[in-house]
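Below is one structure, written out as structure tokens, with a few remarks after it.
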Amino acid sequence: MVKKAIQIDEKDNIATTTSEVEAGEALEVTSPDGAVILRPKVAELIPFGHKLAIKPIKKGENIVKYGEIIGIATQPVKAGAWVNTHNVGSARMPTSGKEAGIL
Amino acid sequence: MGYGRPDKSVGVRNHLLVLAPIDCSFEPAKKIAAQVDGAVAVTQYHGCGADPVIVNNLVGTALNPNVAAVLVLGLGCETLTVDMVADGVRPSGKPVETLVLQQEGGTLKTQEKALRILQRWAQEVAEYRPEAFPVSKLTLAVECGGSDATSGLAANPAVGVACDKLIDEGGTVIFSEPQEMIGTQHILARRAVNKKVAADVYRMIDEDEARLKARGVDSRWMSAGNIDGGLTTIEEKSLGAIRKGGTRPIQGVLQDNWDRFDRPTKSGLWLQDGTGWDVPSVTHMVAAGAQVVCFTSGQGSTTGHAIAPVIKITGNPVTYQQMEDNMDINAGTILDGSESLNSVGDRIYKSIIETANGKKTKAEALGYRDYIVFCRNRAAEHLLGHC
């Protein structure tokens, strides 16, 4: 069976693997509805439950999972590349509503 | 389908509750309940002081629409009296009686009276016929426990899809566990319906962080195991938990303190300022009125509840195989690629409706009656200005 990675929210620019994927293996990325939205080239090992970019992400761009910002790219990330602490930093969550521009 | 109550709420079960406000009367309460069809006994284990948060939980349980009638059974010398509970229930118009062991003259005399009351109620309740009611009468509680890497990936997002659907149909959803919201304050606050609710979100999570800090726990810490498991930031970790409540706007934060116990006042998504400990958290949300519970678990769980059906969902296909006796729904089909997230969400929604219509969950069929009332640390609450 072809390995899968799922996009949890339609706004996400990353997907999460449902099993370990090795470099060169065929991979299908599916939307929340189950449609195949991408068959990326996988150039490195991506462990189970880890993330990969589903579009090219520029340095400084938001990483979006669950439809929300989970961090910021610290370097450019190619579509299909593994995403974790080596190329993403915390957006340093706002510690108050004022800082977040909400209150 | 459900049972209309005098206060216009709708129960999806018809439990007869034998409520011991303190553990001193719990053994007699259990023996009495065991003799009557449909009766269930509950208590709390924090002593007989009249701690308002405990009284709120007990009264809330009795007021839950899944309870048809309530017998409050006390010992007699406790500070937390039977009337403190019964007085909270009476305005609802629900049948409520009290018995006190020291006044009745011991177990056997009390038991005879108790059994006569419960026997009558059991016969009356058997005559109730369920009626059709709209989804707007339904409140769902969502909880997660025994999480693993599949929780944030499959089970929680799928339950979130079901929650969104329930809310879009006019229903109400509650989720709690503020510890698991840490790092997502700004995200939850942005979903608040107004600035007051946004401020309440910050206050709830900040206070829970302060409670953890007082115990020497740094709540923003990410372990090496978290990162190896694929979680990059604390925001991502917490989002995996809060996604089980779906994505709809947050109507309010339900508080439970020395002077108040909030219940949802309109349909939609509500957060509860409660605990991260599973069974007490479920008990707390059911006390706020939830008639049905969805419980996600990566590693598997046996949890049920005294008065509310608990639907258990796992995103881990191996867990489902190993714990099929206990887990109601396999969301692990998302992982093997055989089913989409939205399709599993639809299946969970259907199961919520079927359960509300009377279908028994696995925990119900096994007779599991989990019930734990949680208690706040009074010293910590004093420092936070709550008492």
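The values are calculated or read from the model by the stated rules, or taken from the named source; none is laboratory data. On a predicted model such as this, the values are computed, not experimentally measured, just so you know. Here Cβ is always computed from backbone atoms with ideal geometry, including for glycine, and neighbour counts include all displayed protein chains. Note: accessible area is taken over every heavy atom of the protein model, side chains too, but ligands, DNA and RNA are not part of it. Shrake-Rupley method; radii C 1.70, N 1.55, O 1.52, S 1.80 Å.
Miscellaneous remarks
- For the stretch B:199-240, the set of residues classified as open to solvent by less than 20 Å² (accessible area, probe 1.4 Å), part of a helix (DSSP H, G or I) and not charged (D, E, K, R) consists of B:201, B:202, B:204, B:205, B:212, B:238, B:239, B:240, listed by residue number.
- Some residue of the stretch B:48-57 being open to solvent by 10 Å² or more (accessible area, probe 1.4 Å), in contact with a Cys (Cβ under 8 Å, 6 or more places away or on another chain) and without any contact (Cβ under 8 Å) to a residue 40 or more places away in the chain: yes
- Looking only at the stretch A:44-89, and only at residues there that are part of a strand (DSSP E or B) and open to solvent by 50 Å² or more (accessible area, probe 1.4 Å), the one that is nearest to the other protein chains (Cβ to nearest Cβ): A:69
- Candidate set from the stretch B:254-275 (those that are open to solvent by 10 Å² or more (accessible area, probe 1.4 Å) and outside any loop (DSSP other than H, G, I, E, B)); member that is nearest to residue B:240 (Cα to Cα): B:270
- Residue-level check: of (1) in contact (Cβ under 8 Å) with a residue 24 or more places away in the chain; (2) over 27 Å from residue B:200 (Cβ atoms), residue A:66 misses just (2).
- Residue B:233, sole failed condition from (1) among the polar types (S, T, N, Q); (2) in contact with a helix residue (DSSP H, G or I) (Cβ under 8 Å, 6 or more places away or on another chain); (3) in contact (Cβ under 8 Å) with a residue 40 or more places away in the chain: (2)
- Long-range neighbours under 8 Å by Cβ, at least six apart or interchain, first residue over 16 Å from residue B:332 (Cβ atoms) and facing chain B (nearest Cβ under 8 Å) within the stretch A:18-35, second surrounded by 12 or more Cβ atoms within 10 Å (Cβ to Cβ) and basic (Lys, Arg): A:28/A:3; A:28/A:4; A:28/A:39
- Residue within the stretch B:156-170 that is more than 14 Å from chain A (Cβ to nearest Cβ), among the small types (Gly, Ala, Ser) and in contact with a helix residue (DSSP H, G or I) (Cβ under 9 Å, 6 or more places away or on another chain) present: yes
- For the condition open to solvent by 10 Å² or more (accessible area, probe 1.4 Å) and more than 9 Å from every other protein chain (Cβ to nearest Cβ), residue A:14 does not qualify.
- Taking the criterion of being open to solvent by less than 10 Å² (accessible area, probe 1.4 Å) and either outside any strand (DSSP E or B) or touching a Ser or Thr at 6+ places or on another chain (Cβ under 6 Å) (or both), the residues of the stretch B:19-47 that qualify are B:20, B:21, B:22, B:25, B:29, B:32, B:33, B:43, B:44.
- Residue B:248 passes every criterion in (1) at pLDDT 95 or above; (2) in contact with a strand residue (DSSP E or B) (Cβ under 6 Å, 6 or more places away or on another chain); (3) within 14 Å of chain A (Cβ to nearest Cβ); (4) over 20 Å from residue B:202 (Cβ atoms) apart from (4).
- Restricting attention to the stretch B:299-334 and to residues that are more than 24 Å from residue B:15 (Cβ to Cβ) and surrounded by 24 or more Cβ atoms within 10 Å (Cβ to Cβ), the residue that is farthest from the other protein chains (Cβ to nearest Cβ) turns out to be B:314.
- For the stretch A:1-17, the set of residues classified as under 12 Å from residue A:38 (Cβ atoms) and not charged (D, E, K, R) consists of A:5, A:6, A:7, A:13, A:14, A:15, listed by residue number.
- Filtered residues of the stretch B:86-118 (kept if among the basic types (Lys, Arg) and either open to solvent by 30 Å² or more (accessible area, probe 1.4 Å) or within 18 Å of residue B:26 (Cβ to Cβ) (or both)): B:90, B:109, B:113, B:116
- Filter pass, residue B:262 being away from every other protein chain (no Cβ under 11 Å) and either closer than 30 Å to residue A:74 by Cβ or of a type in the set (Val, Ile, Thr) (or both): no
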